[in-house]
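Asks: Quick one: this structure, given as structure tokens, is what I'll be asking you about.
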Amino acid sequence: MIKIFITGASSGIGESMARFYAKQGVQLGLVARRADFLARLADELLPRPAVYALDVCDAAGLKSAATDFINRFGVPDIVIANAGVSVGTLTEMEDDLKVFQKVFDTNVMGMVNTFHAFVEPMKRQKNGTLVGIASVAGFRGIPGGGAYSASKAAVIRYCESLRVELRSEGISVVTICPGYIRTPMTAVNKFKMPFLIDVDEAVVRFARAIDAKKSFAVIPWTMGIAARLLRLLPNSLYDRVFSFMPRKPRS
């Protein structure tokens, strides 16, 4: 039986991925902060997943969860580091200093903590796939979203480094950069979101990229073209256009 471990599984992309893989008869390990949401989801899935109510910022907790999962089911074939937070931030606001820290701790160190718990076991069996959920927001800095954009840029580079490090160990590293996906995270956005797709449709595309062990995938592909074009814009033009962009609400 295929074994998959997913963080950020109680809602949005993580929940949809859990439901998708459960339909394939996969043994799941699910991590999320909200124990009630996680328990409710577990009750709806077969085979019943192992659930771990913890924050991905808790490295020791994740290590303990990984050890428990491995002892019960074996080393997972796929680990999906999906947990993340997105919120508007402004550098001049003192209250946002803690928000910046939380975004980086969750989005970057949360992924590191997740992968750390599984790399050595995967190396011993010379097999496994690590999947980092990044974002097209990591391609260029989004005004009002400095913490999120910077954290996702860091995730992209971290996964790239890890991919090269583990290449000779039989371990694949897949970086997935979603565009705008219809989830609770994007529901708060008060601006038009280009190429917006439903989460269930997005997850089917994620799974294809993971199965193919693609090193890097932007989903949907139309957003990938747009994001790559944005990277080619001269700073002067990018700054002029995006200075008028509506901004994500601060917490």
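Asks: Dimensions of the chain along principal axes (Cα, Å, largest first)?
Replies: That works out to 54, 39, 32 Å along the principal axes.
Asks: While we're on this one: For ASP68 and HIS116 in one chain, what is 0.36 nm times their gap in residues minus the Cα-Cα distance, to one decimal in nm?
Replies: Once the chain is fully extended between ASP68 and HIS116, it gains 15.8 nm.
Asks: Lys/Arg Cβ at +1, Asp/Glu Cβ at -1, dipole of the chain taken about the Cα centre: which of LEU30, PRO76, GLY110 is farthest positive-ward?
Replies: Comparing the listed Cα positions along the dipole, PRO76 ranks first.
Asks: Run down the aspartates and glutamates and flag those whose C-alpha is under 17 Å from the C-alpha of LYS213, throwing out any fewer than 8 positions away in its chain.
Replies: Within the straight-line cut-off, LYS213 pairs with ASP77, GLU160, GLU165, GLU169.
Asks: List the residues whose amide H sits under 5 Å from the amide H of VAL174, counting only those 5 or more places along or on another chain, with H placed 1.01 Å from N in the peptide plane.
Replies: When sequence neighbours closer than 5 places are left aside, the close amide H contacts are LEU130, VAL131, GLY132.
Read-outs: derived from the displayed coordinates by stated rules, not from any lab. Because the structure is predicted, anything quoted here is derived from the model rather than measured. Because the Cβ atoms are built from the backbone with ideal geometry, glycine has one as well, and the counts that use them run over all protein chains shown.
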